[in-house]
Amino acid sequence: MEAFVCRSYEELSRKAAFAVANVLNTKPNAVLGMATGSTPLGLYQELVRMHEEESLDFSQVTTFNLDEYVGLPVTHDQSYHYFMHENFFKKVNIPNSNIHIPSGTTSNYQAFCQWYEQRIKECGGIDVQILGIGSDGHIAFNEPTSSLASRTRLKTLAQQTINDNARFFDKAEDVPIYGITMGVGTILEARKLVLVANGENKADAIAKAIEGPVTSMITASALQLHPDVDIFIDEAAASRLQMRDYYTWIQAKKPGAPQL
Ligand code: PGA
């Protein structure tokens, strides 16, 4: 796990986008794991900029989104289908048939979840998974006490997540109570993980995820078990890290490190 403490949201977004683009540059038909939420917006804007100005090509890319609200039609402006289309898919050249987002309106969730897992495997697995983190330490909708071996399934959202997401809805009662989400086990199978977080309200979750014990109470702490994780955070999100100076020291000393 590597933590990159950045001076601003713009810088962390740029660096995270660069990490994703690097995967695409070495593997043009990469499978990308996508995340929603306000944090990855800057990363998506930067990928779109690279597409427009630097010919970053998505024509062979396949995508799998982490999660979706249960019960919102894809046309609802708070559905993750809508979010992804508006903020990313309509701005790059990923073929529609290569885009996968969990269904929040299927008539058979169990069958859908099994199909989603199967489809990830058929596509060769996820090369790089983008992640945000909830203020309760969740990744995707894997709320506290989710099994660290969990697969794609339905989850009941925690009150904290409902409160955090209420800002996007007219009323807190409009926030869906259930989500369909990749499991922690599904996420850990991606070859590379890129997590972005900014702001003071993420500082506690980030400290626990990076430096706390591995626990289902903070599902992001399971990333400690993964061999290739890049975490891009701003100063505010880094403010409760005990080893913060060490992470900056590692980056400063990189140029002199023995070549692999
Ligand atoms: P946010 O959501 O980026 O809107 O803070 C993150 C998450 O819940 O994963």
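The values are calculated or read from the model by the stated rules, or taken from the named source; none is laboratory data. Bear in mind the structure is a predicted one, so any value in this text is a computation, not a measurement. Glycine gets a Cβ as well: all are built from the backbone with ideal geometry, and neighbour counts include every protein chain shown. Note: areas computed on protein heavy atoms with side chains; ligands, DNA, RNA excluded. Shrake-Rupley method; radii C 1.70, N 1.55, O 1.52, S 1.80 Å.
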*asked:* Probe of 1.4 angstrom, ligands and nucleic acids ignored: what's the accessible area per residue over the chain, in square angstrom?
replied: 46
_Give me the percent of accessible area attributable to carbon and sulfur for the range 11-120, probe 1.4 angstrom._
47
*Cα-based Rg (one decimal) and Dmax (whole number) for the range 169-260, in Å?*
16.1, 55
*In Hz, Karplus ³J(HN,Hα) per residue of the range 23-35 (6.51, -1.76, 1.60; θ = phi - 60°; x = Gly, Pro)*: 5, 5, 5, 8, 9, x, 9, 4, 9, 9, x, 9, 10
*Put +1 on the Cβ of every Lys and Arg and -1 on every Asp and Glu Cβ in the chain; which of Pro227, Trp249, Gly134 then has its Cα farthest towards the positive end of the dipole?*
Pro227
*So, with +1 on the Cβ of K and R and -1 on the Cβ of D and E, and no other charges, what is the size of the charge dipole of the chain about its Cα centre, to the nearest 20 debye?*
500
_Please list 3J(HN,Hα) in residue order for the range 230-246, calculated via the Karplus relation 6.51 cos²θ - 1.76 cosθ + 1.60 where θ = phi - 60°; whole Hz, with x for glycine and proline._
10, 10, 10, 9, 8, 4, 5, 5, 8, 5, 10, 7, 6, 9, 3, 5, 5
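Give me the dipole magnitude in Debye, nearest 20, for the range 26-96 about the Cα centre, with unit charges on the beta carbon: positive for Lys and Arg, negative for Asp and Glu.
Dipole of the range 26-96, to the nearest 20 debye: 120 debye.
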*What ranking, highest mean first, results for peptides 36-42, 144-150, 249-255 when packing means the other Cβ atoms within 10 Å averaged over each residue?*
36-42, 144-150, 249-255
_With +1 assigned to the C-beta of every Lys and Arg and -1 to the C-beta of every Asp and Glu, and no other charges, what is the dipole magnitude of the range 136-260 about the Cα centre in debye, to the nearest 20?_
420
_Cα principal axis extents for the range 118-159, largest first, Å_ = 35, 19, 14
_Report the rotationally averaged projected area of the range 67-205 based on its alpha-carbon convex hull, in square nanometres._
8.8
*Dividing the convex hull volume of the Cα atoms of the range 19-64 by its residue count, what figure in Å³ per residue is obtained?*
67
*Amide proton proximity set for His100, modelled H, under 5 Å, gap of 5+*: Thr63, Phe64, Asn65
*Most mobile of Gln159, Gln78, Gln129 per a Gaussian network model of the chain (Cα springs, under 10 Å)?*
Gln159
*Would you look at the GNM of the chain, springs on alpha carbons closer than 10 Å, and say which of Tyr80, Tyr247, Tyr116 moves the most?*
Tyr247
*Estimated D of the range 141-189 in µm² per second, where Rh is the Kirkwood radius over Cα pairs and Stokes-Einstein applies at 10 °C, 1.306 mPa s*: 139
*Could you bin all the Cα-Cα distances of the range 1-147 into 10 Å bins starting at 0 and give me the percent of pairs in each, rounded to whole numbers?*
10, 40, 38, 12, 1
*the chain - Kirkwood radius from inverse mean 1/r over Cα pairs (Å)*: 18.5
_the range 140-229, accessible surface, carbon-and-sulfur percent (1.4 angstrom probe)_ = 53
*Given Cα pairs under 8 Å that are at least 6 residues apart, what percent is the relative contact order of the chain?*
25
*Dipole of the range 1-77 (Lys/Arg Cβ +1, Asp/Glu Cβ -1, origin at the Cα centre): which of Ala30, Phe4, His76 lies farthest to the positive side?*
Phe4
